[in-house]
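The values are calculated or read from the model by the stated rules, or taken from the named source; none is laboratory data. Everything numeric in this text was worked out from a predicted model, so none of it was measured. So basically every Cβ, Gly included, is an ideal-geometry build from the backbone, and we count neighbours across all protein chains shown.
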Amino acid sequence: MTDNRELFASCLSGMEGQLAAELKDMGIRRVRPLAGGVAFFGTPRDALRACLWSRLASRVLLVVGRVSACDAHSLYDEAAALAWEHVVLPSARVAVHATGTNEQLRNTRFTALRVKDAVVDRLREQGAAWESAEERPLRASIDVRVRDERATLSLDLTGRALGMRPYLPHDASSDAATETLLASGALHMANWRGLSAAGAAFIDPVCGNGALLVEAASLACDRAPGLGRVEWGFQGWQGFDPAEWERLTAEAHERFAAGLRCVAGGAAEAGAEAAAPDAGVAPDLQTVRLVGASASSAAVARARDALRRAGLRSVASVELFDMSSIEGLVTRVAAVAARQSGDSAAAMLVACAPEAHAGGKAAAQAAGASAFLAACETAPEGARFALIDCGAAALRFPREGAEHLRVGAGRVASDLRVFQGRPDAGTVVEIPDSAGGAPHRVRVNDEASVQFASRLRKVLKERRKWAAQQGVTCYRLYDADLPEYAAAIDVYESALRPAGVRFLHVSEYAAPRSIDPQKARRRFDDILALAPVVCGVRPEHVFSKTRQRDKGGSQYRDAGTSSYVTTVAEGGHLFEVDLAGRLDTGIFLDHRITRGLVQRHAADARFLNLFGYTGTATVYAAAGGARSSLTVDLSQTYLEWADRNLVANGFDGQEHRFQKADVMAWLTDARRSGRRFDLVFVDPPTFSNSKAMGRRTWDVQRDHVELLIGVSRVLSEDGLAIFSCNLRSFKPDVERLSQYGVLLEDISADTIPADFARTPKIHHCYYVRRGEAR
């Protein structure tokens with residue numbers, strides 16, 4: 001265990017300097033930061049220590065060799081020439097992962113396969129015993145990194161990424177691992193070394209799943225982040241010394257037990273908990289100095305469970321707190337720290353990671369940022385403040401006065417900031433409580449946003465009264481009533497599991513080019529900060545879709561990053577909606593009356609739903625007594641969604657069918673085969689260039705004549721079609737349609753619900769009947 005080996009510790013980009021400092025603190029001297037990690041030389045003991053103790057590294061790799069990657073043959077030959085028999089245990093299964101490409105090696109799976117062949121062939125040639133995979137419980141993971149015409153081959157000593165802490169659930173996602181690394185990076189930047197300093201305290205005002213709190217408590221108690229982990233990549237390494245690993249882990253257990261006693265004040269149960277991490281007990285709230293808070297009971301439960309699995313439940317508390325009362329919690333924790341230290345100016349670290357990587361959850365991020373600022377304002381003099389900002393928090397924090405580090409790239413890009421003084425709190429406005437309680441203090445970008453709050457509060461009072469009278473639970477609340485605050489806000493109320501929970505769906509309208517995009521962005525941020533407070537809706541129940549300019553024009557973002565599915569009721573029917581995963585939720589609220597018309601005309605009808613989407617109109621037709629139904633759409637995803645909607649309402653018979661097809665092509669075939677329907681609902685998109693349509697595109701203004709002629713030809717003699725579209729400038733070619741015997745009756749004004757009265761052109765709607773061709 002004394003010979004030096006070449007090693008590489010990977011990390012999130014931007015964190016290389018911190019990782020290098022961490023490795024030096026472990027006593028490793030030959031350290032060189034590189035892009036994406038740190039190269040270092042150390043003994044096998046150093047490698048094991050890095051695996052056990054590094055809080056910032058993603059993986060620790062043992063470099064085996066560098067080989068030619070100019071082509072597949074050279075890669076195989078030179079990889080097979082390496083002495084793998086001195087690296088990999090013969091009892092280990094070999095797995096290979098490759099990254100990077102070049103002109104000759106364009107497929108990473110092929111690259112990995114060639115290296116695996118080379119390693120296995122070399123081991124066989126050297127006489128290694130090669131049992132079946134089932135008889136080889138250990139795993140040796142080989143990392144291949146191709147750059148230009150060279151490849152670096154390494155043995156992954158960690159196996160599962162180090163960010164996957166033992167306290168995380170076994171099925172935790174890669175995002176959870178990223179959050180632990182970001183948390184450790186922020187704590188490292190803030191120079192958090194735990195509670196060894198008298199009076200030190202830590203508080204996370206929006207602790208989410210608890211990663212930041214657990215990492216802070218681990219540091220405070222000197223708990224090795226890898227302690228308790230069972231499976232490691234180095235178990236398939238020839239250089240692994242189990243006795244040395246036993247000594248390292250025994251030392252780590254002793255340090256953890258001592259840290260627990262120090263933080264818990266020498267409580268007898270602290271040592272017992274170190275030996276049995278699952279036996280966590282709740283701390284004494286009168287003495288605890290490590291505290292996390294959340295307004296979500298589910299998040300509190302998850303965070304407490306993480307603390308329990310880490311063996312830290314006795315020294316850290318997670319409490320259910322409304323964000324508006326976070327100041328009281330901070331004051332209490334500061335008082336505990338001051339009492340224990342005898343110093344009224346107790347040191348405190350306030351740290352926050354509001355809703356990391358939560359697509360479409362900008363309102364929750366804004367509320368988290370606001371709670372963080374409230375905690376900062378209340379913290380005692382000398383406190384430090386750290387923020388993990390994942391780039392989507394509604395309140396943008398200035399970089400001035402803060403140590404700033406950009407970490408990660410793409411979806412996981414984040415800013416780590418440690419403020420030298422209290423961060424700027426922005427403009428604070430007071431908003432009356434919707435239930436008559438104490439007013440809420442909300443931080444906004446512009447004090448004028450209080451006008452938006454006043455307008456929303458007024459409309460909310462009127463709209464809730466109207467909705468209760470009409471028995472409507474999903475409705476349009478706000479529709480750019482103030483042009484400067486250009487957004488649509490819809491209310492959705494869940495009908496099942498649990499019933500009565502209200503959600504807000506906020507969609508930004510494209511701002512005119514004359515408006516400064518940054519100004520429009522700040523106004524939309526204020527909408528997201530104010531809407532949940534005015535409406536009395538939890539911030540995590542607000543879903544937003546924001547616009548960004550792209551090559552194809554103004555496009556939405558935060559749609560499709562994740563899903564949040566619930567069930568709502570309309571007209572006595574149940575419908576599945578996805579509030580986060582798609583731009584449209586699965587039900588068009590402005591067609592509430594139109595769907596009622598379908599039900600009214602559906603008795604004993606053969607019903608056809610073209611561009612069927614999620615089948616909401618089909619449900620209404622079935623409820624109206626339709627003899628049969630056929631729902632046609634080009635998307636299999638929507639057809640399956642439509643099927644679930646019908647089944648949820650008890651319509652699962654063979655008379656209700658679905659067909660995946662291009663509507664225009666389907667109509668041609670239906671006309672030729674003589675198919676007839678008594679009631680047809682047609683609600684086409686404004687425009688489509690779906691790949692499934694081939695070279696053809698769809699434009700409702702251009703193509704509606706051809707569409708409606710086709711629809712009229714599949715109508716029965718006295719049949720009725722209901723045609724609608726949401727192109728606001730739509731003008732039907734009545735003259736041309738009449739030449740082909742297609743009669744239109746404009747019923748648009750009668751189909752606009754009261755909650756959409758401000759935008760009467762939200763859709764156009766017509767009855768379509770057969771007439772005499774001219």
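Just give me the residues in the stretch 502-533 being more than 16 Å from Leu477 (Cβ to Cβ) and either among the β-branched types (Val, Ile, Thr) or not in a helix (DSSP H, G or I) (or both), in sequence order. Residues satisfying the conditions are Ala510, Ala511, Pro512, Arg513, Ser514, Ile515, Asp516. Picking from residues in the stretch 567-610 that are touching a helix residue (DSSP H, G or I) at 6+ places or on another chain (Cβ under 6 Å) and among the aromatic types (Phe, Trp, Tyr), the one that is surrounded by the most Cβ atoms within 10 Å (Cβ to Cβ) is Phe607.
For Val647, the criteria (1) in contact with a helix residue (DSSP H, G or I) (Cβ under 7 Å, 6 or more places away or on another chain); (2) surrounded by fewer than 16 Cβ atoms within 10 Å (Cβ to Cβ); (3) of a type in the set (A, V, I, L, M, F, W, C) hold in every case but one, which is (1). Checked against the criterion of being under 38 Å from the mean Cα position of the chain (by Cα), crowded, with 24+ Cβ neighbours inside 10 Å and modelled with pLDDT of 95 or more, the candidates Ala21, Ala69, Ala79, Ala39 yield just one match: Ala69.
Within the stretch 251-272, residues that are farther than 22 Å from Ala337 by Cβ and outside the structural domain of Trp53 (by TED's automatic domain parsing) sit with their Cβ atoms under 6 Å from residues that are modelled with pLDDT of 85 or more and of a type in the set (Gly, Ala, Ser), at 6+ positions apart or across chains, in these pairs: Ala252/Ala224; Gly271/Ala257. Here Val206 passes the criteria (1) part of a loop (DSSP other than H, G, I, E, B); (2) not assigned by TED's automatic domain parsing to the domain that holds Glu327 except the one numbered (2). Counting residues that are at pLDDT 90 or above and among the β-branched types (Val, Ile, Thr), which strands (runs of 3 or more DSSP E) fully inside the stretch 547-605 reach at least 1? In the stretch 547-605, the matching strands (runs of 3 or more DSSP E) lie at 565-570, 573-578. Considering the stretch 45-61, and only residues there that are over 14 Å from Ala224 (Cα atoms) and either surrounded by fewer than 23 Cβ atoms within 10 Å (Cβ to Cβ) or β-branched (Val, Ile, Thr) (or both), the residue that is farthest from the chain's Cα centre (by Cα) turns out to be Arg45.
Of the residues that sit in the stretch 148-180 and are of a type outside the set (S, T, N, Q), at pLDDT below 95 and not in a loop (DSSP other than H, G, I, E, B), which one is surrounded by the fewest Cβ atoms within 10 Å (Cβ to Cβ)? Among residues in the stretch 148-180 that are of a type outside the set (S, T, N, Q), at pLDDT below 95 and not in a loop (DSSP other than H, G, I, E, B), the one surrounded by the fewest Cβ atoms within 10 Å (Cβ to Cβ) is Asp175. Where strands (runs of 3 or more DSSP E) fall wholly inside the stretch 693-774, the ranges with 2 or more residues that are charged (D, E, K, R) and surrounded by fewer than 17 Cβ atoms within 10 Å (Cβ to Cβ) are 715-725, 742-746. In the stretch 290-312, the qualifying residues are those that are surrounded by 24 or more Cβ atoms within 10 Å (Cβ to Cβ) and of a type outside the set (A, V, I, L, M), and the one that is nearest to Ile203 (Cα to Cα) is Gly292.
Inside the stretch 717-732, residues that are over 24 Å from Phe588 (Cα atoms) and either of a type in the set (A, V, I, L, M) or at pLDDT below 95 (or both) make up a count of 2.
Okay, residues lined up against (1) in contact with a Phe, Trp or Tyr (Cβ under 9 Å, 6 or more places away or on another chain); (2) surrounded by fewer than 20 Cβ atoms within 10 Å (Cβ to Cβ); (3) at pLDDT 90 or above; (4) in a loop (DSSP other than H, G, I, E, B):
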| position | (1), (2), (3), (4) |
| --- | --- |
| Ser184 | no, no, yes, no |
| His188 | no, no, yes, no |
| Ala198 | no, yes, no, yes |
| Val214 | yes, no, yes, no |
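The requirement of being assigned to a helix (DSSP H, G or I) and surrounded by fewer than 16 Cβ atoms within 10 Å (Cβ to Cβ) is fulfilled somewhere in the stretch 654-668, by at least one residue.
For the stretch 82-111, taking the residues that are within 24 Å of Asp148 (Cα to Cα) and charged (D, E, K, R), the one that is modelled with the highest pLDDT is identified as Arg109. Within the option set Tyr620, Tyr613, being under 15 Å from Arg644 (Cα atoms) and not in a helix (DSSP H, G or I) holds for one residue only, Tyr613.
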